[in-house]
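Participant: My questions all concern the structure below.
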């Protein structure tokens, strides 16, 4: 029973972390490409698709583990809090996802004195990164919904 | 057999090359030395990034820090950078310092001129402060060189978070600036609406050298890959960040483009990065086989790259001084024809490379 419970959460976390990363990386690429367009260079749909694919692979080495660790800590805390506030479970996990990505970016910015994820240089870019975490948190909440609440 | 002979040749080649020069430690225990200049009496001036300027005597004795050096902003890559003697130093004792000025919220690459009186700077005047100020402690550029007409070039960085500013003439980030020695603007600078800008589209240029034929060489750090050597021409756009061979540190593409019309291609680029720092065009006599070559220091690659350039194209490259196993911050040709190196360490050294004793040539 315990192993089934654990596997379900592990699978849900894997999906949530991957979704967060994929959405965050896709968003990061679009923000970076918009800057290139703003400089006067056109970006074709093919270039956009190719660059997005390259970034999904290229950013996986650093950004994926950072987001995954942040998400794991945040979801663990949200899970504990939801024991006391069952009705707010979804809200807590969505907030955990959003907050974890925001926190990961802000901590990196603070630690390196620069903005390593270029998209996060603007507030809109930073919030879009957070939105990727929001989706991840929602997915985790949905996939681990307790049977009693179904 | 032929393969064995070739293998043996490759194995012994480094020691043959290493035998052609000797490395001498001129001075030690300098705190992150950044740049050096050769005084007419044979002594050296050395800047240390934490904000001190010192004299190294002919015998290698390091002086106390000079008085009168402006307050510098020391953080990240910021601090005291280049020191350059006025072309008429023997007559006017003037020198130029570049450094990060300001504070965490408002800092900028700054150039002052001053008179060197003994071990003190007097009559310190601000020549140039890069505009706009920025709030990141990285990517300052800070290398200086004189053109043959006596005007002063200064490299500036993009501040990292402001990379698109390198393409905006309204900003002095990511540029090479050109001013007269009194800070006024030369009348023949290329952009009337950006009076101090000489060239643009740079990321973080850390090497600048003018050859005797007037060719200006510049190198700049790419992000992850895409370090470049460029031949600098007034008015040219060197492309950053619209075109680049490097990736962002996150692993993401900075741009889908490596070339675009109206943007200059480097004569050489390095991927992975070597983190080039300091450069000299070797035109002295001690190493005749290096005549006209670029010697480029490397921080990350811990060596000096000798670049053979013929008619504006790179035709060869060799790695030198690897045995130092040290980050190389600056490379200069001394008045004696020796090659001088600064190592980027808490107890940094001034190293002199001279031909090996008993060597046939030089």
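Participant: So which residues in the stretch B:113-126 are part of a strand (DSSP E or B) and either surrounded by 21 or more Cβ atoms within 10 Å (Cβ to Cβ) or in contact (Cβ under 8 Å) with a residue 60 or more places away in the chain (or both), if there are any at all? It would help to see each step written out before you state the result.
Facilitator: Kept after step one, since they are part of a strand (DSSP E or B), are these residues of the stretch B:113-126: B:113-117, B:120-126.
Listed by number, the residues that qualify are B:113, B:114, B:116, B:121.
Participant: So is residue B:181 surrounded by fewer than 24 Cβ atoms within 10 Å (Cβ to Cβ) and within 20 Å of the chain's Cα centre (by Cα) or not? Write out each step before concluding.
Facilitator: Working: surrounded by fewer than 24 Cβ atoms within 10 Å (Cβ to Cβ): yes; within 20 Å of the chain's Cα centre (by Cα): yes.
Yes; evaluated as a whole, the condition is true for this residue.
Participant: Let me ask something additional. Regarding the stretch A:44-63, can at least one residue be identified that is at the interface with chain B (Cβ under 7 Å from one of its Cβ atoms), loosely packed, with under 13 Cβ neighbours inside 10 Å and modelled with pLDDT of 95 or more?
Facilitator: Looking for residues that are at the interface with chain B (Cβ under 7 Å from one of its Cβ atoms), loosely packed, with under 13 Cβ neighbours inside 10 Å and modelled with pLDDT of 95 or more, one finds at least one in the stretch A:44-63, hence yes.
Participant: What number of residues within the stretch B:138-154 satisfy the criterion of being surrounded by fewer than 21 Cβ atoms within 10 Å (Cβ to Cβ) and assigned to a loop (DSSP other than H, G, I, E, B)?
Facilitator: Summing the residues that are surrounded by fewer than 21 Cβ atoms within 10 Å (Cβ to Cβ) and assigned to a loop (DSSP other than H, G, I, E, B) in the stretch B:138-154 gives 6.
Participant: From (1) closer than 11 Å to residue B:181 by Cα; (2) more than 21 Å from the chain's Cα centre (by Cα), pick out the condition that doesn't hold for residue B:102.
Facilitator: Unmet for residue B:102, out of (1) closer than 11 Å to residue B:181 by Cα; (2) more than 21 Å from the chain's Cα centre (by Cα): (1).
Participant: Taking the stated definitions as given, is residue B:166 within 14 Å of chain A (Cβ to nearest Cβ), surrounded by 21 or more Cβ atoms within 10 Å (Cβ to Cβ), in a helix (DSSP H, G or I) and within 22 Å of the chain's Cα centre (by Cα)?
Facilitator: Yes; evaluated as a whole, the condition is true for this residue.
Participant: From (1) within 18 Å of residue B:250 (Cβ to Cβ); (2) surrounded by fewer than 20 Cβ atoms within 10 Å (Cβ to Cβ); (3) within 14 Å of chain B (Cβ to nearest Cβ); (4) out of contact with any strand residue (DSSP E or B) (no Cβ under 6 Å at 6 or more places or on another chain), pick out the condition that doesn't hold for residue A:37.
Facilitator: Here residue A:37 clears every test but (1).
Participant: Looking at A:71, A:80, A:139, which one is within 30 Å of residue A:5 (Cα to Cα), out of contact with any helix residue (DSSP H, G or I) (no Cβ under 9 Å at 6 or more places or on another chain) and assigned to a helix (DSSP H, G or I)? Even if it seems obvious, please write down each step before you answer.
Facilitator: On the way: A:71 fails: out of contact with any helix residue (DSSP H, G or I) (no Cβ under 9 Å at 6 or more places or on another chain); A:139 fails: out of contact with any helix residue (DSSP H, G or I) (no Cβ under 9 Å at 6 or more places or on another chain).
Just one listed residue meets the conditions, A:80.
Participant: Additional query: Determine if the stretch B:314-326 includes at least one residue that is outside any strand (DSSP E or B) and under 15 Å from the mean Cα position of the chain (by Cα).
Facilitator: The answer is no; no qualifying residue exists.
Participant: Taking residue A:77 as meeting all but one of (1) more than 7 Å from chain B (Cβ to nearest Cβ); (2) under 19 Å from residue B:254 (Cα atoms), write down the number of the exception.
Facilitator: The single condition residue A:77 does not satisfy is (2).
The values are calculated or read from the model by the stated rules, or taken from the named source; none is laboratory data. Quick caveat: nothing in here was measured; it's all calculated off a predicted structure. Heads up, the Cβs are rebuilt from the backbone with ideal geometry, glycines too, and the neighbour counts pull from every protein chain shown.
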